[in-house]
Amino acid sequence: MKFGYEDLEVWNKSVEFAVQVIDTVERITTHRKHYRLLEQIESSSTSVAMNIAEGKGRYSKKEFSHYCYIARGSLYETMTLLEIFRRVKWISDSDYANLAPKGIEIASMIMGLINSLNK
């Protein structure tokens, strides 16, 4: 038996994106550990796929759409934190350049899913 969300390409890409974000954050070394920010990016990056999955488990397209909007918000939060981390040099420009297109692709896929649900 499979869960319905497992067949969604956007969910699979979101899980992989979260893994890549966590792997990137694991390499951060700062003079003073900023655990709150590190925990926040782990939370927001994993929240994308989790909200897609939770929405898929709901009983209406309207609820699913609502959770997709939340997933998109979590993605935007993740991308903002990545930009901040890049600017303070906690992650490299190349790490950011590797993750940013994936975030853009997932954002586009989430909007496509929302649009299909709201037809």
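Looking at (1) touching a residue at least 40 places away in the same chain (Cβ under 8 Å); (2) under 30 Å from LYS2 (Cβ atoms); (3) buried (at least 20 other Cβ atoms within 10 Å of the Cβ), which is the one condition that is false for SER45?
Every listed condition holds for SER45 apart from (1).
Answer yes if at least one residue in the range 22-29 is at pLDDT below 95, outside any loop (DSSP other than H, G, I, E, B) and open to solvent by 40 Å² or more (accessible area, probe 1.4 Å), and no otherwise.
The answer is yes, given that some residue of the range 22-29 is at pLDDT below 95, outside any loop (DSSP other than H, G, I, E, B) and open to solvent by 40 Å² or more (accessible area, probe 1.4 Å).
Does at least one position in the range 96-118 carry a residue that is farther than 17 Å from SER14 by Cβ, open to solvent by 50 Å² or more (accessible area, probe 1.4 Å) and modelled with pLDDT under 95?
Among the residues of the range 96-118, at least one is farther than 17 Å from SER14 by Cβ, open to solvent by 50 Å² or more (accessible area, probe 1.4 Å) and modelled with pLDDT under 95, which makes the answer yes.
Out of VAL88, VAL10, report the one residue that is open to solvent by 20 Å² or more (accessible area, probe 1.4 Å) and hydrophobic (A, V, I, L, M, F, W, C). Spell out how you get there, then give the answer.
Working: VAL10 fails: open to solvent by 20 Å² or more (accessible area, probe 1.4 Å).
Being open to solvent by 20 Å² or more (accessible area, probe 1.4 Å) and hydrophobic (A, V, I, L, M, F, W, C) holds for just one of VAL88, VAL10, which is VAL88.
Pairs, please: C-beta under 6 Å, at least 6 apart or cross-chain, first residue open to solvent by 40 Å² or more (accessible area, probe 1.4 Å) and in the range 68-80, second in a helix (DSSP H, G or I) and not hydroxyl-bearing (Ser, Thr, Tyr)?
ILE70/ASN51; ARG72/ILE110
So that you can scan it fast, the table gives a plain yes or no per residue for (1) farther than 21 Å from PRO101 by Cβ; (2) in contact with a helix residue (DSSP H, G or I) (Cβ under 9 Å, 6 or more places away or on another chain):
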residue: VAL10; (1), (2): no, yes
residue: ASP23; (1), (2): no, no
residue: HIS31; (1), (2): yes, no
residue: THR46; (1), (2): no, yes
residue: TYR67; (1), (2): yes, yes
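The values are calculated or read from the model by the stated rules, or taken from the named source; none is laboratory data. Just so it is clear, the structure is predicted and the values come from calculations on it, not from any experiment. For neighbour counting, all protein chains shown are included, and Cβ atoms are generated from backbone atoms with ideal geometry for every residue, glycine included. To get the accessible areas, we keep the full protein, side chains included, count just its heavy atoms, and leave off ligands, DNA and RNA. Shrake-Rupley method; radii C 1.70, N 1.55, O 1.52, S 1.80 Å.
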